């Protein structure tokens, strides 16, 4: 019987210590404890909806030991605690947003398309669309007619524009942009006629007085236009 009284006395003493801690901490103290810079912390929510941030919680039957910083400890009755919220590790930062539109699709050639577009006063999405239709963005593409690289430069065009290596992406894109700009100037800014001339030749466009009646050329103009529209809208145009 005396042993039971001893246990009861210990429990009452623990509760008394916990009550004393509450009086010492007070609500303002709880707020400051909530923002303590511990590496790990659990949040103890009491039935009166007050919150205490502790380093750890240990359960002992009907009692909970709340470990504070240093060697401080509060023992409270389990019935006083509504829940214990375990500290979760910080989630990893979100990945950087993907580049939208033509930049995402241009991949390793993005800077070359941007530079060529600025140099020749063209939209980079237009240059990328031409390259996609011409070569599927293959820098080593070679057509049966001898057109080379990303922008499918014909040998005579490459020579006229002093291209040293038509399979070098930077040189190829810049030369293709220069040629497309020339076609736009020749046809007074008419993009459809400039694209048709890029595909079928300036002579064919002048001879027919417009887009030549070639299925390949008409399809080419339509496909480039559609890719430009999708790329400019931020979607996948390739």
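Residues of segment 198-209 being buried (at least 24 other Cβ atoms within 10 Å of the Cβ) and more than 38 Å from the chain's Cα centre (by Cα), which ones?
Residue satisfying the conditions is 205 alone.
Restricting attention to segment 114-137, which residues are closer than 19 Å to residue 220 by Cβ and either under 22 Å from the mean Cα position of the chain (by Cα) or outside any helix (DSSP H, G or I) (or both)?
122, 123, 125, 128, 136, 137
For segment 138-161, give me each residue that is assigned to a loop (DSSP other than H, G, I, E, B) and buried (at least 16 other Cβ atoms within 10 Å of the Cβ).
139, 141, 147, 149, 150, 151, 152, 154, 161
Whether any residue in segment 64-82 is at pLDDT below 85 and loosely packed, with under 10 Cβ neighbours inside 10 Å is what I want to check.
Checking segment 64-82: at least one residue is at pLDDT below 85 and loosely packed, with under 10 Cβ neighbours inside 10 Å.
The rows are residues; the columns are (1) free of Cβ contacts under 8 Å to residues at least 60 places away in the same chain; (2) assigned by TED's automatic domain parsing to the domain that holds residue 217.
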| site | (1), (2) |
| --- | --- |
| 92 | yes, no |
| 111 | yes, yes |
| 116 | no, yes |
| 144 | yes, yes |
| 159 | yes, yes |
| 164 | yes, yes |
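The values are calculated or read from the model by the stated rules, or taken from the named source; none is laboratory data. As the structure is a computational prediction, the values presented were derived from the model and not from experiment. Quick reminder, even Gly has a Cβ in these numbers, built from the backbone with ideal geometry, and neighbours come from all protein chains shown.
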